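A.B. asks: Here it is: the structure, laid out below.
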Amino acid sequence: MKKNSIEFKKPTDLIIYLNDTYTKLHKAYEELFWISYMCDHSIDNEKDQALNERDFFRTNKELLNKVTTFLVIAKGEEKERLLYWKKFFESFQTPDKALELKVKINTLESKIQQTRSSRPQYYIDPKTNKKVEKNINTIKNLMVTHEEVAVRKACFDALQKLSEPLIEDFLELIKLRNEYAKALGYEDFYAYKVFIEEGMTKKELFSIFYPLYDKTKYAFTHIRNLEKTRKGIREPWNFSFIMTGSFIKEEEPYFPFQFGLEWWGRTFQNLGIDFKGGSLVLDLVEREGKYNNGFCHWPELVHYKKGKRVPGKAQFTCNFNQGIPGQSLSAMSTLFHEGGHAAHFLNVMTKDVCLNNEYAPMSTAWAETQSMFLDTVFSSIEWKMRYVKDINGNPYPFELFERKVKALEPLRPRHMMGIMSVMYFEKELYEAKKLDKEKLYNIAKKTYTTFTDFKTTSLTLLEIPHIYAWESSCSYHGYALAELALSQWREYFYKKYGYIVDNKMVGKEMEAVWKLGASRTFPEFVKIATGKKLSANAYIKNITKTNEKIIAQAKEKIKKLSSIKSIKKPIVLNAYIEMVHGKKIISTNKKSFEDVAEKYAKFLLLNKKD
């Protein structure tokens, strides 16, 4: 790759060049990324080359020097914009040796992703001893919902073996990532990632979560007490089935996925969310080889041409598998989550594209706060009571909510435990000396046991897809920090307005911080949004509430929302929307949102599994 040698007469010329060039490089890579993750790996070499070109731009020393030179004469807005680019280039400066390592890492990650999508996926039927071909998401679901313990155990056993084809390449990947980080002066890859993404040291990050573990591990005692009457509950293939399996099946009829798109659109509209003229592509149904985790990305960034804002484009996915209990509820939650991501970055108003995407300097924690805020709207009881109906028009029953609250009390801290398990797992992997397969397995099993307290240990941490991709590896702490910020933000809105669902003032306040792009740090954003510094107080308060208080507050929220008029006007999100299945366009909103939702619902029903 050639060094940049273009000369610029004034700061504006350089700013225009940086934005135009990065916009094109970003788009070239992201379009190929989507094709690859949707299971066409024929373009992987081209994708890796596009990623290398983007990486070269971000690490370009000559461009950093030009920015620094022009900062001497720049004034006002020009100076402010060049300072953003200076921070951007400084965070990605990389020695030549490390750049060579990054190229190797990119290639190896593509190989691992291809292996993950093409590896055999099955469990052994305990009665026939024959292979039952099912993808990993279905196997995980069966372990939670299947009535027969032998089948659940067979699914658990299958999960222990799925990562086997990845291990040797993963060990090499960890080694290369650490070499890269050390070439940049960091102790290991985790230290590099947390500093680049959050501006924190590992010590600062984990000092927040050591106390959280101590304050929430009381849940283990609850489960051990339950074990006296619910035999086998501390076995991983029994735990979720015993605790939640019946609720999953009981709730399923109230969440027909064919209603999901319309509920999503109306909820976002009634929150005042506007996609600012952007485009959305949604691929929501599972396919063989498709990436098995929901995600959102932006192949076209919000940018400016001749001073005029050009809307961006978001593409997002989930993996709805029809006919599998719990899949509809899970897929709808992902739809709201990824839709929150899309809304965030399509609302940015900052003029420089280095601030308008999910990569550093954007804080992972702040980006996840937005998406998680929208999926907690979906999961809230007041939203369910207002929106949810089964195919016969029956509303979601409040007494089901009450029973869940009382039955699932021990689970409240376990969501954070699950997040922390991935954080601590990756931390230990990158700190380990002479890491080999045996040591990797031991770390996986030890971490799993520490954060679950189950009797039988597991290798399922190796099935977390995030750990195999550069941008998402060593970033799981973003979800944990977001949990704290999210609790604080929701508390702020409830205190200020008394309700969140269908409150356009909530959307207005979210838009006010969305427009800032990545121009602030995570702590600064939290302070702007909530008026307070980030703390764990709201989160701790939330998960340690008594059942009685949770139910009483739920009734108050429902009563408050019942006094707010339900808006039924046509849905307009100010976005062009395509519903796709792979390369096939199922429907668009050229006519109306209601039209795209109705046609997509018909597609789902026509492809429904018995």
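The values are calculated or read from the model by the stated rules, or taken from the named source; none is laboratory data. Please read all numbers here as calculations on a predicted model, not as lab measurements. Note that we place each Cβ from the backbone using ideal geometry, even for glycine, and neighbour counts take in every protein chain shown. When the accessible area is computed, the model is the full protein with side chains, heavy atoms only, and any ligands, DNA or RNA have been set aside. Shrake-Rupley method; radii C 1.70, N 1.55, O 1.52, S 1.80 Å.
A.B. asks: Before rounding to the nearest 500, sum -39500 (n - 2.57) across all DSSP H runs of length at least 4 in the chain and divide by the residue total; then give [θ] at 222 nm in deg cm²/dmol.
C.D. replies: Rounded to the nearest 500, it is -18500 deg cm²/dmol.
A.B. asks: Net charge around PHE593, counting only other residues with Cβ within less than 10 Å of its Cβ (Lys, Arg = +1; Asp, Glu = -1)?
C.D. replies: -2
A.B. asks: Out of residues 5 or more away from PHE320 or on other chains, whose amide H comes under 5 Å of its own, with H placed 1.01 Å from N in the peptide plane?
C.D. replies: Distant-sequence amide H within range of PHE320: VAL285, GLU286.
A.B. asks: For the range 194-311, what is Rg from Cα atoms divided by 2.2 N^0.38 Å, rounded to two decimals?
C.D. replies: 1.67
A.B. asks: If the only charges are +1 at each Lys and Arg Cβ and -1 at each Asp and Glu Cβ, what is the size of the charge dipole of the range 193-236 around the Cα centre, to the nearest 20 debye?
C.D. replies: Numbers: 10 positive and 6 negative charges, 74 e Å.
For the range 193-236, the charge dipole is close to 360 debye.
A.B. asks: Positive end of the charge dipole of the range 34-179 (Lys, Arg +1 and Asp, Glu -1 on Cβ, about the Cα centre): tell me which of ASN45, ALA150, SER110 has its Cα farthest that way.
C.D. replies: Going by the Cα projections, it comes out as ALA150.
A.B. asks: Using θ = phi - 60° and the Karplus relation 6.51 cos²θ - 1.76 cosθ + 1.60, list the HN-Hα couplings for the range 311-327 in order, rounded to whole Hz, with x at every Gly or Pro.
C.D. replies: Using θ = phi - 60°, the values come out as x, x, 9, 10, 10, 9, 9, 9, 10, 5, 10, 5, x, 9, x, x, 5 Hz.
A.B. asks: Hey, if we sort SER562, SER535 by accessible area with the 1.4 Å probe, largest down, what's the order?
C.D. replies: Numbers: SER562 90, SER535 40 Å².
Result of the area sort, largest leading: SER562, SER535.
A.B. asks: Provide the net charge surrounding ASP436, with neighbours chosen by a C-beta distance below 15 Å and charges set as Lys +1, Arg +1, Asp -1, Glu -1.
C.D. replies: -1
A.B. asks: Then there's this: Semi-axes of the chain's equivalent ellipsoid from the Cα gyration tensor, sqrt of 5 times each eigenvalue, largest first, rounded to whole Å?
C.D. replies: 37, 30, 25
A.B. asks: In a shell of Cβ-Cβ distance under 14 Å around LEU280, excluding LEU280 itself, what net charge do Lys and Arg (+1) and Asp and Glu (-1) give?
C.D. replies: On the way: positive: LYS276, LYS313, LYS590; negative: ASP274, ASP283, GLU300, GLU338, GLU578.
Value of the local net charge: -2.
A.B. asks: So what J values fall out for the range 231-237 if you push phi through Karplus, 6.51 cos²θ - 1.76 cosθ + 1.60 with θ = phi - 60°, rounded to Hz, Gly and Pro as x?
C.D. replies: 4, x, 5, 8, 8, x, 7
A.B. asks: What relative contact order, as a whole-number percentage, does the chain give when Cα pairs under 8 Å and 6 or more residues apart are counted?
C.D. replies: On the way: 892 pairs, mean separation 101.2, N = 610.
Relative contact order, the chain: 17 percent.
A.B. asks: Positive end of the charge dipole of the range 348-417 (Lys, Arg +1 and Asp, Glu -1 on Cβ, about the Cα centre): tell me which of CYS354, PHE401, SER371 has its Cα farthest that way.
C.D. replies: The one lying farthest along the dipole's positive direction is PHE401.
A.B. asks: Let me check against my output: what whole-number percent is the relative contact order of the range 325-386, with C-alpha pairs under 8 Å and at least 6 apart?
C.D. replies: Contact order relative to length: 43 percent.
A.B. asks: Okay, next question. List, in order, the whole-Hz ³J(HN,Hα) value for each residue of the range 387-402 obtained from phi through the Karplus relation with A = 6.51, B = -1.76, C = 1.60 and θ = phi - 60°; use x for Gly and Pro.
C.D. replies: 9, 7, 8, 7, 5, 9, x, 7, x, 4, x, 5, 5, 5, 4, 4
A.B. asks: Sticking with this one: Once you charge only the Cβ atoms, +1 for Lys and Arg and -1 for Asp and Glu, what is the size of the charge dipole of the range 320-477 about its Cα centre, to the nearest 20 debye?
C.D. replies: Value, rounded to 20: 460 debye.
A.B. asks: Cross-link list LYS79/LYS104; LYS515/LYS557; LYS249/LYS555; LYS455/LYS608; LYS79/LYS533; LYS351/LYS590: which exceed 31 angstrom alpha carbon to alpha carbon? Mind dumping the intermediate values first?
C.D. replies: Numbers: LYS79/LYS104 36 Å; LYS515/LYS557 29 Å; LYS249/LYS555 24 Å; LYS455/LYS608 38 Å; LYS79/LYS533 29 Å; LYS351/LYS590 29 Å.
In this structure, LYS79/LYS104; LYS455/LYS608 lie more than 31 Å apart at Cα.
A.B. asks: Specify which residue in the list LEU481, LEU171, PRO95 is farthest towards the positive end of the charge dipole of the chain, using unit charges on the beta carbon of Lys, Arg (+1) and Asp, Glu (-1), about the Cα centre.
C.D. replies: LEU481
A.B. asks: A further question on this structure: So, by mean Cβ neighbours within 10 angstrom, what's the order for 221-230, 551-560 with the highest one leading?
C.D. replies: Order by mean packing, descending: 551-560, 221-230.
A.B. asks: Modelling each spin label as a point 7 Å along the Cα-to-Cβ direction, I'd like the GLU168/TYR441 distance in nm, to one decimal.
C.D. replies: It is 1.6 nm.
A.B. asks: Considering only DSSP beta bridges with both partners in the chain, what is the antiparallel share in %, to the nearest 5?
C.D. replies: Around 55 percent antiparallel, to the nearest 5.
A.B. asks: While we're on this one: Using the alpha-carbon centroid of each, what span in Å lies between the range 465-542 and the range 1-64?
C.D. replies: The distance from the Cα centre of the range 465-542 to that of the range 1-64 comes to 30 Å.
A.B. asks: Dipole of the chain, Cα-centred, from +1 at each Lys and Arg C-beta and -1 at each Asp and Glu C-beta, to the nearest 20 debye? Kindly include the intermediate steps, with their values, before the conclusion.
C.D. replies: On the way: 98 positive and 77 negative charges, 273 e Å.
The calculation lands at about 1300 debye.
A.B. asks: Using modelled amide H (1.01 Å from N, peptide plane; none on Pro or chain starts), what sits under 5 Å from the amide H of SER279, excluding residues fewer than 5 places away?
C.D. replies: GLY312, LYS313, ALA314, TYR576
A.B. asks: Could you list which residues have their amide H under 5 Å from that of SER587, counting only those 5 or more apart in sequence or on another chain, with H placed in the peptide plane?
C.D. replies: MET579
A.B. asks: Then there's this: Quick one: work out the % antiparallel among DSSP beta bridges in the range 156-315, nearest 5.
C.D. replies: Rounded to the nearest five, the antiparallel share is 60 percent.
A.B. asks: Could you check the simple spin-label distance between ASN394 and ILE73, using points 7 Å along Cα→Cβ, in nm with one decimal?
C.D. replies: Placing both labels 7 Å along Cα→Cβ, they lie 7.5 nm apart.
A.B. asks: From largest accessible area down, sort MET385, MET579; use a 1.4 Å probe on the protein chains.
C.D. replies: Largest accessible area first, the residues go MET385, MET579.
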